[in-house]
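Data first, discussion second: the structure below is written as structure tokens.
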Amino acid sequence: MAVAMAPRVLPLPRQHSFNPPTVLNPFVHPGRLSAGDKLRTVLQGIILLPLRAICITFILLLAWLSASIATSCQPGRGFLPLEGWRRRMIKTALSSLTRTAYFVMGFQVKVKGKVASLSEAPIFVAAPHSSFFDAIICALTGMPSIVSRAENLSTPIFGTILRSLQPVAVSRQDPDSRKNTVAEITRRALSKGQWPQILIFPEGTCTNRTCLITFKQGAFVPRVPVQPVLLRYPNKLDTVTWTWQGYSFKELCIMTLCQIFTRLEVEFLPVHVPTEEEKNDPVLFANRVRQTMANALNVPVTDHTFEDCRLMISAGQLTLPMEAGLVEFTKISKKLNLKWNHVREQLDTFAAIASASKGGRIGIEEFAEYLKLPISDVLKELFLLFDRNGDGTIDFREYVIGLSILCNSANTEETIRMAFKLFDMDDDGTITENEFASIIQSALGLPELDVSVLFKEIDADETGKLSYEEFKNFALKHPEYASLFTTYIDLQRHQLGMFEEHDTEPLKGKHSPVRSTTLVSEVTPLARNKVCPEGSEEDSSSTSDKKDD
């Protein structure tokens, strides 16, 4: 007898935490000079550029000399804080020279708020970090220690000046560097005044100031008060923004030196004293400080991090739009327990699928071609589960989330074994092409479907039969099929439950339930009973690929 098909299960509501970010790419600055701006810059630069370059070179040499004197025969070689005349020399000489340099470059600096003392706030947190010109904060706060890349310390002249500030050096190549950096920041912040204040840019990389990205926890782990510092560049012509895609360091320096003046606003917000709850949760502490700063700046917050920059560069190398790699990695990695290398591998697969499309997105045609399956109702449903915003395409962010929530969670050893038993109708431990075709045709509702190409791809040893290992290896490399398998298995369970509820006769071939011919061709009860034996507890605890994400 015929049994009604299980009702279609529509995708469940999406979690708001996985919604696309408000700002799609905070790491680019695409603005280019107009013809008028170029002409004006050239005319002004003829006079301003050489004069300013000479003056800045002279100031830089004086700063280098002052730093060299202050650090000569330095006791402790950076492990002990500078004291006495050394510290006073750094604080007065370098601070004055830095202010002079900015004045010579044409910066009009406007300061708002009051700078907190060491006892009030051992740490300054500045944002948004968008340029090397942000270093003006050092001069305004008495030349505090900063967190800097270790590579900067070896730069000629500038490296000597930087070392005089006794920075906390961080190396992105050292796996233990982040832990050591946080430990050093904590040690200095809790030194009760022995070390100077610390200036930290908690975003950890430069952005275009359209938002505040995720704050790193280093400034908030010590559980001490911090003073937020805001940076604004209210200029009609932006010659300071230094991002991963946009103007180079040299271009920005030349363009800025060619401007008559450049406006810069620095605002010191009230000191944020952490609550007990914030002291016990650095992430909460960082997020609340970030939100306070975002409100004052009137910009949104996003969960982008430096890891997104790495993925963005990788996407560009794969000829994808660089925006394709921006997935708010830290947030989804924590929620979905993903590692960076794994997501990077998924980017390679995504690029291979999207290579035939334009704009670095996957359409239903590319999706079907990758799975070597025709476009069917079942495949459309799977595609819609990936397509989170319903625009008819899948971007890399949707692909990563879809694989993790819909496929990887369903692609377990248990599911693979269950699917293998479903295909192995004669229970001989292998799957023939006819057995494979029967189930795939049934699952997709396409009784005339030719699956020979897909079967040959799975049949690695070309024996004409699939072993469990071949089937498993293919399933693990192509987790998208797991969703199709689990959906089909769930429908089989539903049919068996309906049959057992309405038919008290023993199972016989002529009474075997079949799905509606529009979706599934007849499947023998042997395969169905092997997957869902009568009385099995699995009948009431089926695994669904449409879990709420």
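The values are calculated or read from the model by the stated rules, or taken from the named source; none is laboratory data. Remember, predicted model here, so these are calculated numbers, not experimental data. Neighbour counts run over all protein chains shown; Cβ positions are idealised from the backbone, glycine included. Keep in mind that these areas ignore ligands, DNA and RNA; they rest on the heavy atoms of the full protein, side chains included. Shrake-Rupley method; radii C 1.70, N 1.55, O 1.52, S 1.80 Å.
Taking segment 32-122 and the helices (runs of 4 or more DSSP H) fully enclosed by it, the elements with 2 or more residues that are of a type in the set (Gly, Ala, Ser) and in the same structural domain as LEU230 (by the TED database) are at 35-71, 95-104.
For segment 291-305, a residue qualifies if it is over 10 Å from CYS211 (Cβ atoms), open to solvent by less than 60 Å² (accessible area, probe 1.4 Å) and at pLDDT 95 or above, and the qualifying residues are MET293, ALA296.
Within segment 369-388, residues that are open to solvent by less than 40 Å² (accessible area, probe 1.4 Å) reach partners that are outside any helix (DSSP H, G or I) with beta carbons closer than 6 Å, at six or more positions or on different chains, in the pairs SER376/LEU446; LEU379/LEU373; LEU385/PRO11; PHE386/ILE394; ASP387/ILE394.
Scanning segment 86-129 for residues being open to solvent by less than 30 Å² (accessible area, probe 1.4 Å) and under 17 Å from LEU199 (Cβ atoms) gives a total of 13.
For segment 208-220, indicate whether the set of residues that are open to solvent by 30 Å² or more (accessible area, probe 1.4 Å) and free of Cβ contacts under 8 Å to residues at least 24 places away in the same chain is non-empty. No. Residues being touching a strand residue (DSSP E or B) at 6+ places or on another chain (Cβ under 7 Å), closer than 15 Å to ASP134 by Cβ, open to solvent by less than 20 Å² (accessible area, probe 1.4 Å) and in the same structural domain as ALA296 (by the TED database) are represented in segment 250-263 by at least one member.
Within segment 157-183, residues that are assigned by the TED database to the domain that holds SER68 and among the acidic types (Asp, Glu) sit with their Cβ atoms under 9 Å from residues that are open to solvent by 20 Å² or more (accessible area, probe 1.4 Å) and in a helix (DSSP H, G or I), at 6+ positions apart or across chains, in these pairs: ASP174/ALA150; ASP174/ASN180.
Candidates are the residues of segment 130-157 that are assigned to a strand (DSSP E or B) and touching a Ser or Thr at 6+ places or on another chain (Cβ under 8 Å); the one that is most open to solvent (accessible area, probe 1.4 Å) is ARG149. Every listed requirement among (1) part of a helix (DSSP H, G or I); (2) under 16 Å from the mean Cα position of the chain (by Cα) is met by VAL327 save one, (1).
I need the full set of residues from segment 166-203 which are in contact with a Ser or Thr (Cβ under 7 Å, 6 or more places away or on another chain), surrounded by 20 or more Cβ atoms within 10 Å (Cβ to Cβ) and assigned to a loop (DSSP other than H, G, I, E, B), in order please. GLN166, PRO167, TRP195, PRO196, GLN197 - these are the residues of segment 166-203 that are in contact with a Ser or Thr (Cβ under 7 Å, 6 or more places away or on another chain), surrounded by 20 or more Cβ atoms within 10 Å (Cβ to Cβ) and assigned to a loop (DSSP other than H, G, I, E, B).
What is the number of the single condition among (1) modelled with pLDDT of 85 or more; (2) open to solvent by 30 Å² or more (accessible area, probe 1.4 Å); (3) not assigned by the TED database to the domain that holds ASP459 that GLU398 does not meet? Tallying (1) modelled with pLDDT of 85 or more; (2) open to solvent by 30 Å² or more (accessible area, probe 1.4 Å); (3) not assigned by the TED database to the domain that holds ASP459, GLU398 fails exactly one: (2). Yes or no: segment 264-271 includes at least one residue that is in contact with a helix residue (DSSP H, G or I) (Cβ under 8 Å, 6 or more places away or on another chain) and at pLDDT below 95. Checking segment 264-271: not a single residue is in contact with a helix residue (DSSP H, G or I) (Cβ under 8 Å, 6 or more places away or on another chain) and at pLDDT below 95.
Residues satisfying the criterion are absent from segment 194-201 (criterion: touching a helix residue (DSSP H, G or I) at 6+ places or on another chain (Cβ under 6 Å) and among the polar types (S, T, N, Q)). When ARG232, ARG187, ARG178 are screened for being over 23 Å from TRP340 (Cβ atoms) and modelled with pLDDT under 95, only ARG187 passes.
For a quick check of your reading of the model, give me the residue pairs whose first member lies in segment 19-45 and is farther than 15 Å from LEU326 by Cβ, whose second is of a type in the set (D, E, K, R) and modelled with pLDDT of 90 or more, with beta-carbon atoms closer than 7 Å and at least 6 apart or on different chains. Going by the 7 Å Cβ cut-off, the qualifying pairs are GLY31/ASP238. Based on this model, can you work out whether CYS258 counts as in contact with a Leu (Cβ under 7 Å, 6 or more places away or on another chain), over 29 Å from VAL182 (Cβ atoms) and not aliphatic (A, V, I, L, M)? It is true that CYS258 is in contact with a Leu (Cβ under 7 Å, 6 or more places away or on another chain), over 29 Å from VAL182 (Cβ atoms) and not aliphatic (A, V, I, L, M). Sub-7 Å Cβ pairs linking a first residue in segment 321-346 that is touching a residue at least 40 places away in the same chain (Cβ under 8 Å) to a second residue that is basic (Lys, Arg) and part of a helix (DSSP H, G or I), at least 6 apart or interchain, are VAL327/ARG397, ordered by first then second residue.
Taken together, the criteria place PHE124 among residues that are under 37 Å from the mean Cα position of the chain (by Cα), on the phi < 0 side of the Ramachandran plot and either of a type outside the set (Ser, Thr, Tyr) or modelled with pLDDT under 95 (or both). All of (1) within 30 Å of VAL400 (Cβ to Cβ); (2) surrounded by fewer than 18 Cβ atoms within 10 Å (Cβ to Cβ) hold for PRO234 with one exception: (1).
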